[in-house]
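Take a look at the structure set out below.
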Amino acid sequence: MTTMQFDAAFKVIDALQLAGYDAVVVGGAVRDTLLGVPVHDVDVATSATPEQTKTVFQKTVDIGIEHGTILVLDMGEPIEVTTFRTEGTYADHRRPDNVDFVTDLAEDLRRRDFTINAMALRSKTDIVDLFGGQDDLAAHIVRAVGVAEERFAEDALRMLRAVRFSAKLNFDVEQQTYTAMKKRAADLRFIAIERIKAEFDQIVRSGQPYRAFQLLVDTGLSTYLPGSFQTIEQWRGFKAQDSLTGWAFFSYLEQDVQLISRYRGSNKEQRFVKHVFQALQTLKTAPTPRELFDLDEVVWQAATMIANHVWQTNHTVEDILATKAALPIQQKNDLAVTGKEFLAWSGQKGGPWLKEALQQLLNGVLDGTILNDEQHIRGWFEREWKF
């Protein structure tokens, strides 16, 4: 991202300031700008209430107005604008019992999770840093804002966020923050597994996943998560290019194809992991033509990466895909006939036999025993299927 998004955000800030309100860029955009890494979202916080913000801009959308957030569209790039707020008690360890709008930026920043996320920009050169976030960035430290145990008692998911930032940024967790994580680890049981999975989606593809898994074990957080976490040493040196590959690796290390379903992964994610398990099994010998045909390129990419890491092999996805590309057909629609011809040639009604005959045809064409030509297929069919 995007100079365009930053420019749009500062135009929003200028307009709010001109109208008499305080306004700043907040959160990860500030942290990542100071780190010199790509910024993905630029959010604005303001002393204006949502209703007041709407009077400043012509094009707005309510996207979380109960929490003080609206989307401003006037500047070309959509910018989220949220009113400064404080949060009440967290009776369920997940979400605040109430949210109160305030006009003081310091109160808003005080409720945030970590010092490196509690900075703000009033302009491109005016940094608001009330809790030592810049010092902690320089020291490569993840430190809770204020009293760490209080932050984690409010929302236990923050402990997993600490793990994620440690792995993503290759930062150490500050000692008091680390101690509070150990003390409050059991509070993870209050967190919806879907929220936990969203953090793991980023942990398993982070730059330092081994650091994350070691931290999960050392703090006791792993005790309250699905999985045994007995093979974390295998994470050393492994860097998944995407979360799906990370989940497949995690599942394979656990030898649990159902692991991602226990984290409430989608059906698509569960199928992917299952297919990677199948591909890994075939890589122990050599993939059959049918296995090459059935499994997608992305599955083979993940499987070869995992196999080479765990077994110290030297499979290349290029070789596998070249063999796959040399198959007589690449999809079922490439077959010279369909079930329609089988019905006509047999004079029979459809039934289980038809599915079996089509499977035999597909396997035969793929392994080269049946030529993918209508005349040859008919000859094979009339020899093999007599009614």
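The values are calculated or read from the model by the stated rules, or taken from the named source; none is laboratory data. Quantities reported herein were computed from a predicted structural model and do not represent experimental measurements. Virtual Cβ from ideal backbone geometry, glycine too; neighbours counted across all protein chains shown.
A few comments on the model shown:
- Candidates Asp367, Asp319 - the one that is of a type in the set (D, E, K, R) and touching a residue at least 60 places away in the same chain (Cβ under 8 Å): Asp367
- Asp41 vs. criteria surrounded by fewer than 23 Cβ atoms within 10 Å (Cβ to Cβ), modelled with pLDDT under 95 and of a type in the set (D, E, K, R): yes
- Qualifying residues in segment 344-366 (those that are loosely packed, with under 14 Cβ neighbours inside 10 Å and part of a helix (DSSP H, G or I)) - the one farthest from the chain's Cα centre (by Cα): Ala344
- Count of segment 245-294 residues, restricted to those that are closer than 28 Å to Glu194 by Cα and not in a helix (DSSP H, G or I), is 8.
- Hey, Gln234 surrounded by fewer than 20 Cβ atoms within 10 Å (Cβ to Cβ), at pLDDT 95 or above and part of a helix (DSSP H, G or I) or not: yes
- Within segment 69-80, residues that are farther than 13 Å from Thr46 by Cβ and modelled with pLDDT of 95 or more sit with their Cβ atoms under 7 Å from residues that are part of a loop (DSSP other than H, G, I, E, B) and of a type in the set (Lys, Arg), at 6+ positions apart or across chains, in these pairs: Leu73/Lys59; Asp74/Lys59.
- Counting only residues that are surrounded by 15 or more Cβ atoms within 10 Å (Cβ to Cβ) and modelled with pLDDT under 90, segment 96-121 holds 2 of them.
- Residue pairs whose Cβ atoms lie under 8 Å apart, sitting 6 or more positions apart in sequence or on different chains, and linking a residue in segment 339-352 that is touching a residue at least 40 places away in the same chain (Cβ under 8 Å) and farther than 15 Å from Trp380 by Cβ to a partner that is surrounded by fewer than 11 Cβ atoms within 10 Å (Cβ to Cβ) and aromatic (Phe, Trp, Tyr), are Gly347/Phe387.
- When segment 157-197 is filtered for residues that are assigned to a helix (DSSP H, G or I), under 18 Å from Ile116 (Cα atoms) and among the aromatic types (Phe, Trp, Tyr), the ones remaining, listed by number, are Phe165, Tyr178.
- Of the candidates Ala325, Ala303, the single residue that is at pLDDT 95 or above, under 32 Å from the mean Cα position of the chain (by Cα), farther than 30 Å from Leu253 by Cβ and not polar (S, T, N, Q) is Ala325.
- Residue check for Arg290: at negative phi, over 21 Å from the mean Cα position of the chain (by Cα) and not β-branched (Val, Ile, Thr): yes
- Comparison of Gly28, Gly64 shows that the only residue that is farther than 14 Å from Asp108 by Cα and either within 22 Å of the chain's Cα centre (by Cα) or crowded, with 18+ Cβ neighbours inside 10 Å (or both) is Gly28.
- Each residue in segment 135-156 was checked for being in contact (Cβ under 8 Å) with a residue 40 or more places away in the chain, of a type outside the set (D, E, K, R) and not in a loop (DSSP other than H, G, I, E, B), and 2 of them qualify.
- Tally, over segment 23-48, of residues that are of a type in the set (Val, Ile, Thr) and more than 20 Å from Lys11 (Cβ to Cβ): 1
- Within segment 157-194, the set of residues being in contact with a helix residue (DSSP H, G or I) (Cβ under 7 Å, 6 or more places away or on another chain), free of Cβ contacts under 8 Å to residues at least 40 places away in the same chain and farther than 20 Å from Gln134 by Cα comprises Ala180, Lys182, Lys183, Arg184, Ala185, Ala186, Leu188, Arg189.
Residue-wise test of (1) at pLDDT below 95; (2) closer than 25 Å to Phe249 by Cβ; (3) β-branched (Val, Ile, Thr); (4) not assigned by TED's automatic domain parsing to the domain that holds Lys268.
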residue	(1), (2), (3), (4)
Thr285	yes, yes, yes, no
Gln312	yes, yes, no, no
Leu354	no, no, no, yes
Leu358	no, no, no, yes
Asn363	no, no, no, yes
Leu371	no, no, no, yes
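- Selection within segment 214-224 - without any contact (Cβ under 8 Å) to a residue 60 or more places away in the chain, surrounded by 20 or more Cβ atoms within 10 Å (Cβ to Cβ) and not small (Gly, Ala, Ser): Gln214, Leu215, Leu216
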